[in-house]
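Report on the following structure.
The values are calculated or read from the model by the stated rules, or taken from the named source; none is laboratory data. Treat the numbers as computed from the prediction; the structure is a model and nothing was measured. A quick note on method: Cβ atoms are made from the backbone with ideal geometry, for glycine too, and the neighbour counts reach across all protein chains shown. We work out accessible area using only protein heavy atoms, side chains counted, and drop any ligands, DNA or RNA first. Shrake-Rupley method; radii C 1.70, N 1.55, O 1.52, S 1.80 Å.
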Amino acid sequence: MNKEKKQSWIKKLYTSPNHRIFSISATVILFIMIFMGCICYELLQNREAVIQAYVDDQEDYLQLLACNIQSVQKSGKDAEVLAFLQEQTVSSGERFLVYTRGSEVLWAKNENTTNTLGKYAEITEFWKMIREQDVVVDTVRWTVGQEECTISVVSDTDSILERTSTIKHGYYIVIATGLVSVVLLGLLIALLESWNKAEKNLKGTKKELDKRNRKLEKVTSNAGNMGFEKALDDEMAKNIYVQNQYNSSHEFYDNNFLRIMLQKSDDEALKPIHYMFIHLDMMDRYYSRQEIFHFMRKIRSRLHQNEIMGEVKKGFFVILLYRLDEQQAKDRADEIYRYCIRKSENAYRSIRYDLIDVGVKKPVDVYDAYTRKQEEV
């Protein structure tokens, strides 16, 4: 049970719009940090490899130098060795040579440095001081009599890495990886924001569709109380016997709902179908939608049970006439029109109507074609 709760909590953390931006971003940042850690580890490994390659190269040089020193040293005089180092070798701040014999440092970098060693002329103190610095030391040893001689090369680590551009390349890799990670993280957050927005819109659309479905279900349930057995046998036909159930507190069907009704009206039990489009031409004054509705409710109250009225747009209404042949539809439209004129009391400059026969075409296609044509006028 606890395991299921934990899985449910984790799922909610990554799917809930309120939490997933933080949780997914935090997870990506964690992976980026791990990736950056791997890159830093690899750069350190590369640093060590570069230093080791340099040490190996210096070892060959020291072996050759030690042989030369030993050949000079056959006379037994260290002065000749020091003269050789002074004349034949080059030292700098980033790389220098150290020659020792026994417990004494006889040469360090150059003659001036050697003369100013002071207490560091003692070999233990000297190497203690050298190893406190960030340097690489490579040494070759040999013995003369009872004394041990060494020749060492001391190299500054930073200078080695700078000479091989290792530090610069490391900076470039870290900066480039960091920039790419920031850009990708920004894109991810933008994508998640867009995802959340789209999901909210989808929920809003779903809510609206549910609302319309409930409205359709209400229409269907109302149709069951009309007493028309033939219509009740067909669920599609139930939708047409509802108009008179509306009272003055209800608004008119809107254009979207009318289209849904017509999509469900492509059934032989409802045919023939005619549309009576009513156009109200207002005079110079402005009429609010509620004032227009007040007038059209009077017309709606006179409709039969096989007739439905809806508003296409302000001042433009349609009455769906079901199960009337051509002549019956024409007579009924004339009757409704005369009633409109009588009830308008000259409130509108003119009231006109168009009667459209659906025929064998799809009801919604005929409706769309007429309304689209009216918008172009």
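Assorted remarks:
- A simple spin-label model places the labels of LEU184 and LYS77 7.0 nm from each other, with each point 7 Å out along Cα-to-Cβ.
- Note on SER159: accessible area is roughly 20 Å² with a 1.4 Å probe, heavy atoms of protein only.
- Rounded FRET efficiency, nearest 0.05, which uses the C-beta distance separating LEU30 from ASP57 and R0 of 35 Å: 0.25
- Full-stretch length increase - GLU193, ARG141 - with 0.36 nm per residue and alpha-carbon distance subtracted: 11.9 nm
- Here each label is just a point 7 Å from Cα along the line to Cβ, and for LYS314 and CYS38 those points are 6.3 nm apart.
- Linear extension gain, SER301 paired with ARG342, 0.36 nm per residue minus alpha-carbon span: 13.3 nm
- Efficiency of FRET from Cβ geometry, ALA176 and ILE130, R₀ 35 Å, rounded to 0.05: 0.45
- What a 1.4 Å probe finds exposed on region 296-369 is 45% carbon and sulfur by accessible area, rounded to a whole percent.
- Gained length - ASP334 relative to THR164, 0.36 nm times residue gap less alpha-carbon distance: 51.4 nm
- Cut-off 14 Å (backbone N to label point 7 Å along Cα→Cβ of GLN70), residues of region 137-169: 140-145, 148-151
- Rg/Rh for region 161-206 (Cα atoms only, Rh after Kirkwood) is 1.48.
- Overall Cα dimensions of region 297-377, principal axis frame, Å, largest first: 38, 30, 19
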